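Everything on this sheet refers to the single structure shown next.
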Amino acid sequence: MPTKIEKDSHTGTDTTGHVWDGIRELNTPLPKWWLYVFIATVIWALGWFLLYPSIPYGSGYWHGLLGYSSRGDAMSGLAAIHEQHKDAMDKIAKMPIADIARDPKLMETAITAGRITFANNCQPCHGPNGAGRVGYPALGDDVWLWGGKLTDIETTLTHGIRSSDPDARQSQMPAFGADGTLKPDQIEAVADYVGVWWGVVPASTDTKAGAQIYAENCVACHGEKGEGNRDAGGPPLNAKVHLYDGSRAFIVSQVNKPQQGVMPNWNTRLDPATIKSVALFVHSLGGGE
Ligand code: HEC
Ligand code: HEC
C-alpha cells in the first residue's frame, strides 16, 4: 500500500513509497555509468540499423544507407581476382601453347586456372587428377589415344572426340561380329592373340590363326605389334593399360560390337585461354610428351 516518500534513515536513500508487510522499498537509482553505456548501445544499434541492411518488410528489406551487401562484397573480390589475372590470361589466349610452357610466370597462372577448371569440368569423367576409370582414359600415364603433346591435347579438348563438333577427332572401330566380317570362332582366335598381350590368356596358347586375323583386320588402327595408331585414335593393345576393363571377354565383345567413347568439345564452353590452361595442366600430370 503506497505511503509517503521519505528518506530511509539507515542508507540515506529515498523510499519509493511502496510497502509490503512493513518492508519499504528503496528507490536506488541505476549507476550513472551503466545508464550512459546503455543509452550509447541503443544509439549505436540505431546507427547500424540505418547504415546496413536490417529490417525486412513485405517483399524486401531496408538496404541501409551505405548500400552494403555481402554478395556485392564477394563479387567485387572476384572481379579484383579476375582483373589481377586478366593480363596473364590475355597473354595466354594469344600465345602458342608451347611458348606458354617456357614462361614460368605464365605457367603458374595457367596451371592454377587449369587445375580449377579440371576439377570443375573433367573430374566427373576422368577422376581426380585424371586417374581415369573404365571407358574414361587415365590422363597421367604415357599411353595416349590421340597424342600427349601440348598441341595434341589442346586439339582434343577444343574439338572433342566423336563429339558434335565438325572438327572432332573421329575413328570408328568396325563391328566385325555384328556386321558378319568375322565369324565367332575367328573372334575367339583374335581375342586369344590380343589376350596374350594383355596377360589374360596363357602365353603357351596357339595364336597362329589369331595373328593372321589380326594382321588382316586390326593392324591399320592398332599397329602391327599392337603399338596403337594415334592417327586413327586406336589404343595400343600391347600395353597393360586398358581403356575398358581389360578382360578377354571384353576383347570378344569389342570385336563383336565396339564401344566408342565420346569426349565433349570444350570450344563452346571454355574460352581459348582456359582450354590452353587445362591442356597445360593435363600435360603436367605426368604423361605429357
Ligand atoms: C562426359 C565425360 C567426359 C568429360 C566431362 C571429359 N572427358 Fe575427356 N574423354 C572422355 C572420353 C570418353 C574419352 C575417350 C574417348 C575415346 O574413347 O576415344 C576422353 C578423352 C580425353 C583425352 C584424350 C586422351 C588420349 O589418350 O588421347 C583428353 C586429353 C581428355 N579427355 C581430357 C579432358 C579434359 C581436360 C576434360 C575437361 C575439360 C575432359 N576430358 C572432360 C570423356 C570425358
Ligand atoms: C578403324 C579402326 C579400328 C580397327 C580396324 C580396329 N579397331 Fe579396335 N579400336 C579402335 C578404336 C578407335 C578403339 C577405341 C574405342 C574408344 O575410344 O572407345 C578401339 C578399341 C579396341 C579395344 C579396346 C582397347 C582397350 O584398351 O580397352 C580392343 C580390344 C580392340 N579395339 C581390338 C580390336 C581388334 C582385335 C581389331 C581387329 C579385329 C580391331 N580392334 C580393329 C579402332 C579400330
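Couple of notes before you dig in:
- Elements of type helices (runs of 4 or more DSSP H) in the stretch 217-289, at least 1 residues being modelled with pLDDT of 95 or more and under 17 Å from the mean Cα position of the chain (by Cα): 272-283
- The listed residues are ILE100, ILE153, and the only one of them that is assigned by TED's automatic domain parsing to the domain that holds ILE275, more than 13 Å from ligand 1 (Cβ to nearest atom) and touching a helix residue (DSSP H, G or I) at 6+ places or on another chain (Cβ under 6 Å) turns out to be ILE100.
- Every condition in (1) within 30 Å of GLY67 (Cβ to Cβ); (2) assigned to a loop (DSSP other than H, G, I, E, B); (3) among the β-branched types (Val, Ile, Thr) is met by THR41 except one, and the failing one is (2).
- Selection status of GLY177, more than 16 Å from ligand 1 (Cβ to nearest atom), touching a residue at least 24 places away in the same chain (Cβ under 8 Å), surrounded by fewer than 18 Cβ atoms within 10 Å (Cβ to Cβ) and not assigned by TED's automatic domain parsing to the domain that holds LYS94: no
- Residues in the stretch 1-36 that are loosely packed, with under 11 Cβ neighbours inside 10 Å and of a type in the set (Gly, Ala, Ser): SER9, GLY12, GLY22.
- Failed criterion for GLY223 (all others in (1) under 22 Å from ILE153 (Cα atoms); (2) within 12 Å of ligand 1 (Cβ to nearest atom) hold): (2)
Residues checked against (1) in contact with a Pro (Cβ under 6 Å, 6 or more places away or on another chain); (2) buried (at least 19 other Cβ atoms within 10 Å of the Cβ); (3) assigned by TED's automatic domain parsing to the domain that holds GLY195; (4) of a type in the set (S, T, N, Q):
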| site | (1), (2), (3), (4) |
| --- | --- |
| ALA211 | no, no, yes, no |
| TYR214 | no, yes, yes, no |
| CYS218 | no, yes, yes, no |
| HIS222 | no, yes, yes, no |
| GLY234 | no, yes, yes, no |
| SER247 | no, no, yes, yes |
| VAL252 | no, no, yes, no |
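- In the stretch 121-134, the residues that are more than 6 Å from ligand 1 (Cβ to nearest atom), surrounded by fewer than 20 Cβ atoms within 10 Å (Cβ to Cβ) and not aliphatic (A, V, I, L, M): GLN123, GLY127, PRO128, ASN129, GLY132, ARG133
- Wholly within the stretch 121-200, helices (runs of 4 or more DSSP H) carrying at least 3 residues that are more than 16 Å from ligand 2 (Cβ to nearest atom): 150-159
The values are calculated or read from the model by the stated rules, or taken from the named source; none is laboratory data. Here the structure is a predicted model, which means the values were calculated and not measured. Heads up, the Cβs are rebuilt from the backbone with ideal geometry, glycines too, and the neighbour counts pull from every protein chain shown.
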